[in-house]
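Working notes, beginning with the structure itself.
The values are calculated or read from the model by the stated rules, or taken from the named source; none is laboratory data. Please read all numbers here as calculations on a predicted model, not as lab measurements. Cβ sites come from the backbone with ideal geometry, for glycine too, and all protein chains shown count toward neighbours. Heavy atoms of the whole protein, side chains included, go into the accessibility calculation; ligands, DNA and RNA do not. Shrake-Rupley method; radii C 1.70, N 1.55, O 1.52, S 1.80 Å.
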Amino acid sequence: MASIIKTSAVSVLTLQSVAASTVLKSSDISVPTQLAATMLIHFGRRAATAAGAGVNFRVEVSSETSGDGFWVPLAILTTDFVACEAEAATGTNASGQAVITVASTTNLTAGDIVFMDNTTITNSEWGRIKSISAGVSITLEDNLTNAQSTGASTIYDRAEMYAVQLDLTAAKRLRLVVDGSLFTQAFAVRARLITGDSIS
């Protein structure tokens with residue numbers, strides 16, 4: 001039985017804050033022999049007000065090994081931009097636990113994807129709400145990777161996650177363009193890549 005050889009956990013964009021009205025491009029990723037890939041994109045809000053227009057994520061490929069005149073979009077994704085809920089974390093919510101105590105649970109709903117915006121951006125993370133104890137706490141589907149506690153973390157809903165399936169059989173390079181030119185507030189982003197390299 002044939003098996004696919006894969007390369008996983010390739011960082012396209014490290015977790016970072018992107019300034020309002022900014023266009024961010026990843027480094028070029030050489031894919032001359034890769035057959036396919038899945039790009040995993042995480043988007044998080046860092047302010048609760050409406051943001052003017054969505055962020056466009058463009059996964060682009062090039063037919064050439066160098067130069068910038070050959071990039072074309074293989075996939076385009078656009079985020080929401082309406083106002084979202086922001087709730088401060090309260091108490092000590094240690095890594096390894098799923099319950100986060102919050103100042104309020106107003107407008108938070110089970111099933112929401114949330115971004116836990118930490119004052120140290122690299123300690124921020126995403127999760128999905130499993131259940132809510134009204135006015136007290138939220139419980140995530142998975143445990144926290146980092147502590148999200150009083151004074152350090154704000155929970156924003158309307159976070160988004162994407163998995164983009166890419167055919168790379170005719171591509172030589174790959175990149176991600178994060179077009180936030182019309183998004184009027186800072187936001188958080190992270191992108192990673194899994195490639196299907198060969199079949200044996």
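Collect the residues in region 172-194 that are open to solvent by 10 Å² or more (accessible area, probe 1.4 Å) and either more than 18 Å from ALA20 (Cα to Cα) or without any contact (Cβ under 8 Å) to a residue 12 or more places away in the chain (or both), keeping them in residue-number order.
Within region 172-194, LYS172, ARG173, ARG175, ARG192, ILE194 meet the criteria.
Would you be able to say whether some residue in region 20-27 is within 22 Å of VAL114 (Cα to Cα) and touching a Gly at 6+ places or on another chain (Cβ under 6 Å)?
No, that holds for no residue.
Here are the criteria: (1) part of a strand (DSSP E or B); (2) without any contact (Cβ under 8 Å) to a residue 12 or more places away in the chain. Tell me which single one GLY69 does not satisfy.
Of the numbered conditions (1) part of a strand (DSSP E or B); (2) without any contact (Cβ under 8 Å) to a residue 12 or more places away in the chain, the odd one out for GLY69 is (1).
Which of (1) loosely packed, with under 15 Cβ neighbours inside 10 Å; (2) at pLDDT below 95 does LEU35 not meet, given it meets every other one?
Exception for LEU35: condition (1).
Looking at region 120-177, what strands (runs of 3 or more DSSP E) fall wholly within it and have at least 1 residues that are more than 28 Å from PRO73 (Cα to Cα) and over 15 Å from the mean Cα position of the chain (by Cα)?
125-133, 137-140, 153-156
Which residue pairs have Cβ atoms closer than 7 Å, lie 6 or more positions apart in sequence or on different chains, and pair a first residue in region 25-43 that is assigned to a strand (DSSP E or B) with a second residue that is of a type in the set (Gly, Ala, Ser)?
ALA36/GLY196; ALA37/GLY196; THR38/ALA163; MET39/ALA191; LEU40/ALA163; LEU40/ALA191; ILE41/ALA191; PHE43/ALA159
Quickly run through region 110-119 and pick out the residues that are in a loop (DSSP other than H, G, I, E, B) and either in contact with a helix residue (DSSP H, G or I) (Cβ under 8 Å, 6 or more places away or on another chain) or within 21 Å of PHE187 (Cβ to Cβ) (or both).
ASP112, THR119
Step by step: first the residues of region 1-24, then only those that are outside any loop (DSSP other than H, G, I, E, B) and not aliphatic (A, V, I, L, M), then the one that is most open to solvent (accessible area, probe 1.4 Å). Which residue is that?
LYS6
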